[in-house]
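The values are calculated or read from the model by the stated rules, or taken from the named source; none is laboratory data. Note that the structure is a prediction, hence the values are computed from the model and not measured. Note that each Cβ is placed from the backbone with ideal geometry, even for glycine, and that neighbours are counted across all protein chains shown. For the accessible areas, the whole protein counts, side chains as well, though only heavy atoms, and no ligand, DNA or RNA atoms are used. Shrake-Rupley method; radii C 1.70, N 1.55, O 1.52, S 1.80 Å.
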Amino acid sequence: MYPGHNFLSSLKRSRVLKNHIFSPPSFIVFFSMFMALAAIPVQKTLQINILIGFSCFLLFSVIMPGVILRGDRYLRFSIDDIRSMGFTLFIIGSAFLAITLTDVGGIPLLKPSLRYLLNPKLTIPVYLMIPGTAFMLAYITDKMQKSVIDRSTARFRAITVSLTCLVMLALLGYRTPLVAVILITFIMGYYSGLFEIWEVLGSFAVALMIIMGIGYFRSVEEYSLSNLGPLTVLKMRASFTMSILNRLSALAGMTGVMHGDLTLSMIPGAGSGPRALIGKLVLWRTGVTITPTLFGQMLVEFGTIGVAFGMSILGLILGIGYRIMQKTRDSFYIMLYSIVMAYCLISIETGILDQLVVIYILCAFIIYIYNIYLNI
């Protein structure tokens, strides 16, 4: 009963849908959609900052990669090593998940109040399952591309691995890791040919339902907001986040207010976490965590200058990654780009404030820089 290969084949006639759904400029499209969902007035200063950020991002993601990356020599990785690394990361994450659930004495998904008892030192390693899943997907798609296994077998294995990761991470009751797994899986499937275009578009609907479902469940359990619908709760969340961004833009000015303190707060044991610092800055209260959006964290650190520099670097990383992926069609580079792109899309609301995410992006940047060096 499941649709076949030719279902909605007309979608393939669109050059954009066929090749560019997750190209770097799509970040701007998704951020604009987020602002439209919030539907609140954007202050003049914030409009200018966003325009500067978008301009720098486009310049460094679309134009600069073609200037600095001209050769055809690229670093290659053993696919067997990638599989082993992925399996190891997944096992480590699974072990820490068991320890975490034992430590809090229950399942946070079923009892949201337990989330406040989670120990970050135990939960952070759990998220290693996400890159572990991505590495194993890279191995599966590589075998498919080399005709070692057929496409239907590869699809079954990829979906099984991803669903296993989703179910396990869902026990913690957080939305962001689940959305990350879905995005990584379908971005990799999109560029490797594992999934059809309509399946990729459908993944957005699934991700949206997960965000709304968990958000609604938490709002009912923690705030007794059962009279509000899931979509209303989602709009309220987007509106609140955009209002925080408005506030941060007004506070930051041209040069920012924290000057690196927000970034340093990501280091474990360095004091309050970055989202707690945002809560203190905006609400003057302790014990409150607030997501500042990607622009928000750049503004707080170094103001308009930080936005210009940060969006330029991020655009360059995505642009180089996209160009290498398109040239090589190598499963490793598809995976690397998928991880970075997925977390950039998530950062539209959350910002890039988690240690592991920063490490992923830095590792990708180092690999891309080495590839540039090979082609000098």
In this model, which of 18/121; 111/280; 121/146 are farther than 32 Å apart at the alpha-carbon? 18/121; 121/146
Of 198, 257, 376, which is farthest along the charge dipole of the chain in the positive direction, counting Lys and Arg as +1 and Asp and Glu as -1 at C-beta? 198
Residue farthest toward the positive end of the dipole of the chain, with Cβ of Lys/Arg at +1 and Asp/Glu at -1: which of 357, 305, 62? 62
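Can you tell me which of 157-167, 300-310, 314-324, 69-79 comes out highest on packing, and rank the rest after it, using the mean Cβ neighbours within 10 Å?
Details: 157-167: 17.5, 300-310: 21.4, 314-324: 24.8, 69-79: 13.3.
Those peptides, ordered most packed to least, come out 314-324, 300-310, 157-167, 69-79.
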Among 339-347, 195-203, how do they line up from the highest to the lowest mean number of other beta-carbon atoms within 10 Å? 339-347, 195-203
On the formula 1/(1 + (r/R0)^6), with r taken between the Cβ atoms of residue 110 and residue 209 and R0 of 25 Å, the FRET efficiency rounded to 0.05 is 0.85
Taking the alpha carbon gyration tensor of segment 230-376, what are the square roots of 5 times its eigenvalues, largest first, to the nearest whole Å? 30, 17, 14
Just how large is the dipole of segment 240-376 about the Cα centre, in debye to the nearest 20, putting +1 at every Lys and Arg Cβ and -1 at every Asp and Glu Cβ? 120
Run the reach check for residue 44 against lysines, Cα to Cα strictly under 24 Å, same-chain hits fewer than 8 apart removed. What comes back? 235
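Mind checking the alpha-carbon convex hull of the chain and giving the volume per residue in Å³? Before the final figure, lay out each step's value.
Numbers: hull volume 57.4 nm³, N = 376.
Roughly 153 Å³ of hull volume per residue.
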Express in whole angstrom the spacing between the alpha-carbon centres of segment 327-376 and segment 34-100. 5
Portion, in percent, of the accessible area of the chain that falls on carbon or sulfur, probe 1.4 Å: 68
Give the cross-link partners of residue 327 among the aspartates and glutamates, using a straight C-alpha distance below 17 Å as the criterion and excluding same-chain residues fewer than 8 apart. 72, 142
Note down the nm distance, to one decimal, between modelled labels 7 Å out along Cα→Cβ at residue 29 and at residue 80. 4.1
Send over the Kirkwood Rh of segment 155-207, from the inverse of the averaged 1/r over different Cα pairs, rounded to one decimal Å. 11.2
If I model a spin label at residue 98 and residue 151 as a point 7 Å from the Cα along the Cα→Cβ vector, what separation in nanometres do I get? 3.9
Using only Cα atoms, locate the centre of segment 168-184 and the centre of segment 234-269, then give the distance between them in Å, rounded to an integer. 23
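Starting from the Kirkwood Rh over alpha-carbon pairs, what translational D in µm² s⁻¹ does segment 58-123 have by Stokes-Einstein at 4 °C and 1.567 mPa s? Mind showing how you got there, number by number?
Details: Rh = 16.0 Å.
Stokes-Einstein gives a translational diffusion coefficient of 81 µm²/s.
Roughly how many Å² is the accessible area per residue of segment 322-376, as a whole number, for a 1.4 Å probe? Write down the numbers at each step before the final one.
Details: 1920 Å² over 55 residues.
Spelled out: the 1.4 Å probe surface of segment 322-376, per residue, equals 35 Å².
Sorted by accessible area with a 1.4 angstrom probe, largest first, how do 376, 92, 267, 367 fall? Could you put the intermediate results ahead of the total?
Details: 376 160, 92 65, 267 90, 367 30 Å².
The ordering from most to least exposed comes out as 376, 267, 92, 367.
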Report, in debye and to the nearest 20, how large the dipole of the chain comes out about its Cα centre when Lys and Arg carry +1 and Asp and Glu carry -1 on their Cβ. 560
Quickly estimate the mean residue ellipticity at 222 nm for the chain, helices only: each DSSP H run with n ≥ 4 gives -39500 (n - 2.57), and the total goes over all residues, rounded to 500. -23500 deg cm²/dmol
Starting from a Cα-only point model with no solvent, please compute log10 I(q)/I(0) by Debye for segment 16-119 at q = 0.11, 0.14, 0.19 1/Å. -0.81, -0.99, -0.95
Label-point separation, residue 313 to residue 232 (7 Å along Cα→Cβ), nm: 4.2
Net charge dipole size for segment 41-176 [Lys, Arg +1 and Asp, Glu -1 on Cβ; Debye, nearest 20]: 220
